[in-house]
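Working notes, beginning with the structure itself.
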Amino acid sequence: MTTDQSVAELPAARRGSAAEAAPRRGFLAKAFGVTALLSAAGSALGLLRDLLLARYFGANQGTDAFLVAWTVPETAAPLLIEDAMAFLMVPAFSLALVLREERPDGPDPVRQLVKATLPWLLLALCTLSAAAALGAPQLVDVLAPGLADPQLAVTCTRITAITILPFGVVGYLTSALRAHHGFTAPATIYVAYNLGILGLLLTCHRLWGVRSAALGVAFGSLLMASVLIVPFIARLRAGRRRRARGRSAARSLVLIPLAMLPVAAFTLTRQAQVFIERYLGSGLPPGTISHLNYAAKVSQLAMTSAILIVTVTFPVVARALAAGDLTAARDRVEKDLGQASAVVLVGTAFLMACAPSVVALLFERGAFGAHDTAATAAVIRIYSFGLPAQALVGVMVRPYFSVRPVVRRADAPRTDSGPRLLDWFPVAAMGLGLLVTVGVGLAATPRFGALGLAAGNAAGITTTAVLLLRGLLLRGIALRMRPVLGGQARLLAAALGAAALGAPVAERAADLLAATLLGALTVVVVFAALGTLLGAAQVRGPVLALARAVSPPAPARPTARGRHRLPSPAPAEPAAPPSADPAPRKAEGTLPHGR
């Protein structure tokens, strides 16, 4: 598959491989359940990590210094694990698997892909890690010039620079495993990561202070990589046993190195929102960066559940695009947009209604006082306005970059392998969003402090989401905009009503735990009721299914002799006579060459 290769030109066997490779019914639900369970465990450990940071160190110049150093793994994680590496390698491995199915007697394209990419990746990662460690003083000066304790930040930055190498390896291995529909091992990486941080934080916080957290980050990244190596090697060996006859054949995949540039640029541009917050926040009173960090961590819990949906379905979309089936990819993306929005909006409504009680329940102990609770809760409520857009950006950018993967078929024409202006559309959209972030931040920060920074973040990412919706259409994934936008509007209305009714319930509760639980229950019930009444399919379907599950079964119908029998099934339709030639495939969802 070349950059924008004509789907109509693909042979029927190639187009049909998407359906052949599609997971069996129920697989996505099972994969999502496993991923959600393990990811929830990782998120719970991450929350415990943040609770211990707040308990041991509070929100002061020491935690600000550590959080500036944490910018390195925070940037490396989306670039090398969650976003850029997945955008590049999941489509690449998906195309290799499609070729494996098409050519069972040829060489294994998966092994060819690994040999062509992994050595260069390791070299680049080692170089980046060393450069970040050596340039730590300059990096701290750029990120937070007004920091109260820059030397501590430099020390922590040199420690966290180690994470670049294992993070890159983790991103590569998780992409390969998910393309093979292996989700269990990739879902455990953040469990291992946070266990490493917690181990050193619990045992060494008195001895090394906040440096123990930086050492824990480095140690946890090594544990992440260790849990993936054995499953990855097992996948490679399985492919080699099945395909031993074709080792000497020619390559079936060709790398397109220039395709990596817009993906990496988009991820770095998106992460620049954090850089802007740290830069502007360093000039505000000490503890502001910490308040922003704690608020972001809590807010992202709502978005994480939505992104899990895309994590599971992304290989399905990538496999469909690799086989040239844009119709199947479009249908899956539309479902992802609705499901991700439903999940993130109910979480957003909960945070809007219960932010003070949630923050107080989680953090207000030890060095974290009532003033820190009030400041963090206020930032969470402003952050929440941008959470739906954060989730939508995560959904839309994956299929966008999958249309032009980092590899192409060796037998495909090379005319489209050069750089294209459309490849840079997400970067331009994110760049415009950053301009909005900077503009709102500079205008609002002098008066509103951290709240102005949070407002800039929400406004900027919303701008990017609107632009990316247009970009998907330009890329050839023709979303049906009226039902998509109508579904989003219904979900948003349900979330607004749930937040409006949940807030007074949470405020009137007797204690923090009761306020959080009652507020959450109110938000979920109201969201489900309003979503069902408004006709939001992502809410109405599960609500009706739950109602059918809890309702008693229909009584058996009595017969003329007094016996009971179940209603007879409807007669089956007569089977269509076999045809010598299959029905021609509809042209919907295909692109003419070069368009």
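The values are calculated or read from the model by the stated rules, or taken from the named source; none is laboratory data. Since we're looking at a predicted model, the values are computed, not measured. In this analysis, Cβ positions are derived from the backbone assuming ideal geometry, glycine residues included, and neighbour counts consider all displayed protein chains. Ligands, DNA and RNA are stripped out before the accessible areas are found, and what is left, the full protein with its side chains, is counted by its heavy atoms. Shrake-Rupley method; radii C 1.70, N 1.55, O 1.52, S 1.80 Å.
Note on Ala510 and Leu485: with the Förster distance fixed at 51 Å, the Cβ-Cβ geometry gives a FRET efficiency of about 0.75. Accessible area per residue for the stretch 115-205, computed on protein heavy atoms with a 1.4 Å probe, is 39 Å². Counted residue by residue at 0.36 nm each, then reduced by the alpha carbon distance between them, the extension gain from Arg365 to Leu421 reaches 14.9 nm. Each residue of the stretch 427-432 was assigned a 3J(HN,Hα) from its phi angle through the Karplus expression (A = 6.51, B = -1.76, C = 1.60, θ = phi - 60°), giving 5, 5, 5, 5, x, 5 Hz with x at Gly and Pro.
Leaving out ligands, DNA and RNA, what percent of the accessible area of the stretch 61-118 is carbon and sulfur, probe 1.4 Å? Roughly 59 percent, rounded to a whole number. Distance between the 7 Å Cα→Cβ label points at Met260 and Ala40: 3.8 nm. Rounded to the nearest Hz, the phi-derived 3J(HN,Hα) couplings of the stretch 467-475 under the Karplus curve 6.51 cos²θ - 1.76 cosθ + 1.60 (θ = phi - 60°) are 5, 5, 4, 5, x, 4, 5, 5, 6, where x marks glycine and proline.
Peptide packing for 293-300, 499-506 was compared via the average number of neighbouring C-beta atoms within 10 Å per residue; ordered from the highest value, the list is 293-300, 499-506.
The residues packed around Ala515, meaning those with a beta-carbon under 9 Å from its beta-carbon, carry a net charge of -1 if Lys and Arg are +1 and Asp and Glu are -1. Apolar share of the accessible surface for the stretch 241-395: 64 percent from carbon plus sulfur atoms, 1.4 Å probe. The residues of the stretch 287-404 expose on average 23 square angstrom of accessible surface per residue, using a 1.4 Å probe on protein heavy atoms. On the basis of the beta-carbon distance and an R0 of 60 Å, Arg237 and Leu544 show a calculated FRET efficiency of 0.85.
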